[in-house]
Each structure stands twice: as structure tokens, then as C-alpha cells.
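Inspection log for the structure reproduced underneath, given as C-alpha cells.
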Amino acid sequence: MQSFGGFFELSVRWLSGHLEAGRTAGALAFAGDAEIRARRYVAVLEGAMLLATADRPGASSNAENGAAGDDSLAIEQFDRLTAASLSDLRADS
């Protein structure tokens with residue numbers, strides 16, 4: 001069985017490879033190390049997922065409705081945190 005930390009390393013390697021492949025193909029444009037960028041994206045995504053599942057005042061709990069509840073806060077925060085980083089990836093910008 002893979003360790004919890006191993007899951008994140010696998011995710012970073014996967015995303016880093018795709019970022020680098022996109023840059024090589026001319027579909028993405030960014031400066032710097034693809035692995036560092038991939039680590040940033042994975043960290044932001046994991047943080048957003050934690051926020052989405054956290055009990056917040058006024059949000060339905062998972063126990064009450066059997067689902068993740070309202071993820072709009074986490075999605076809004078993820079969008080705000082990644083907007084600048086994602087826009088600088090576009091090769092046509």
C-alpha cells in the first residue's frame with residue numbers, strides 16, 4: 001500500500017511531467033522549474049479540498065446530508081489563489 005506522502009509525490013511527479021510536456025510542445029509557457037510549480041498547484045488544490053470538507057458556520061455538515069456540503073467557499077478561494085498562476089501558463093499570452 002502506498003503511503004499518504006507517496007500520494008502527494010506521485011501527484012507532483014504526474015503534474016510536473018504534464019507541465020513540462022506542455023511547455024515542450026508549446027502549449028504552455030512559464031518560467032522556472034515545472035516541479036516547483038506542480039508542488040504549488042498540488043498544495044493549493046489540497047488546501048481548497050480541506051476547506052471544502054471543513055465544518056463552517058452555516059454550512060451543512062457531512063454527517064447531516066451525507067455529502068460534502070457547500071463547496072462554493074473553497075472553490076472561490078481556489079480560483080482566487082490560482083488565477084494569476086494559471087493565466088501565466090497560457091502560451092498565447
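Does residue 64 qualify as being open to solvent by 80 Å² or more (accessible area, probe 1.4 Å), of a type outside the set (Lys, Arg), modelled with pLDDT of 65 or more and assigned to a helix (DSSP H, G or I)? No; evaluated as a whole, the condition is false for this residue.
Selection within the stretch 12-53: residues that are closer than 17 Å to residue 76 by Cα and open to solvent by 40 Å² or more (accessible area, probe 1.4 Å). The member of this set that is modelled with the highest pLDDT is 43.
The values are calculated or read from the model by the stated rules, or taken from the named source; none is laboratory data. Predicted model, so just to flag it, every value in this text is computed and none were measured. Accessible surface areas use protein heavy atoms only, side chains included; no ligands, DNA or RNA. Shrake-Rupley method; radii C 1.70, N 1.55, O 1.52, S 1.80 Å.
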